[in-house]
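Scroll down for the structure; my scribbles are underneath it.
Nothing in this text is a laboratory measurement; each read-out follows from the coordinates by a stated rule. Only a predicted model underlies this, so the values are computations on that prediction, with no experimental measurement involved. Quick reminder, even Gly has a Cβ in these numbers, built from the backbone with ideal geometry, and neighbours come from all protein chains shown.
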Amino acid sequence: MEYNKLTREEEKVILEKETERPFLGKYDNFYDYGIFICRRCNNPLFSSKSKFDAGCGWPSFDASFENALKRIPDLDGVRTEIQCNNCGGHLGHEFRGERLTDKNTRECVNSLSIYFIPKGKELPKIIQVG
């Protein structure tokens, strides 16, 4: 299957499940209107309306688009990893019970795993798996 070309840094995060350093990502302190898509396959993941400042150093969302995410137990046995449901690319981790928003969920996402599409701009074609 064909995917978007990734930089080495993006590959480390999306394919090798590394984590970018906190407070340095492009979308940590970013609040324009639009949607965030998977950097690997262009699958729509989050609306900017669900983004909030969790103070953790990574973009945080309290909701995703329906069927956008795959949630699996992390290898550490404690956290829940979130992946793009279309291509399986690593996005970050999901945390529940922190009471940071009314939805009580924080999707903690690496900036390198996502790309922002401003409101009113056309989405790039979604690359389908299989």
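What to note about this one:
- R79 being closer than 17 Å to K49 by Cα, touching a Phe, Trp or Tyr at 6+ places or on another chain (Cβ under 9 Å) and among the charged types (D, E, K, R): no
- Whichever residue in the range 1-57 is part of a strand (DSSP E or B) and among the aromatic types (F, W, Y) and, among such residues, is surrounded by the most Cβ atoms within 10 Å (Cβ to Cβ): F36
- All positions within the range 62-73 that are surrounded by 14 or more Cβ atoms within 10 Å (Cβ to Cβ) and over 18 Å from R40 (Cβ atoms): D62, A63
- If you check F95, F65 for being aromatic (F, W, Y) and not in a strand (DSSP E or B), only one passes: F65.
- Residues in the range 105-130 that are of a type outside the set (G, A, S) and within 20 Å of I72 (Cβ to Cβ): T105, R106, E107, C108, V109, N110, L112, I114, V129.
- Matching option when the condition is more than 14 Å from the chain's Cα centre (by Cα) and assigned to a strand (DSSP E or B), among I117, I72: I72
- Test: residue in the range 88-99 that is crowded, with 18+ Cβ neighbours inside 10 Å, touching a Gly at 6+ places or on another chain (Cβ under 6 Å) and on the phi < 0 side of the Ramachandran plot: no
This table checks each residue for (1) within 23 Å of E122 (Cβ to Cβ); (2) in contact with a Ser or Thr (Cβ under 6 Å, 6 or more places away or on another chain).
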residue: R8; (1), (2): no, no
residue: K26; (1), (2): yes, yes
residue: P44; (1), (2): yes, no
residue: K70; (1), (2): no, no
residue: C84; (1), (2): yes, no
residue: F95; (1), (2): no, no
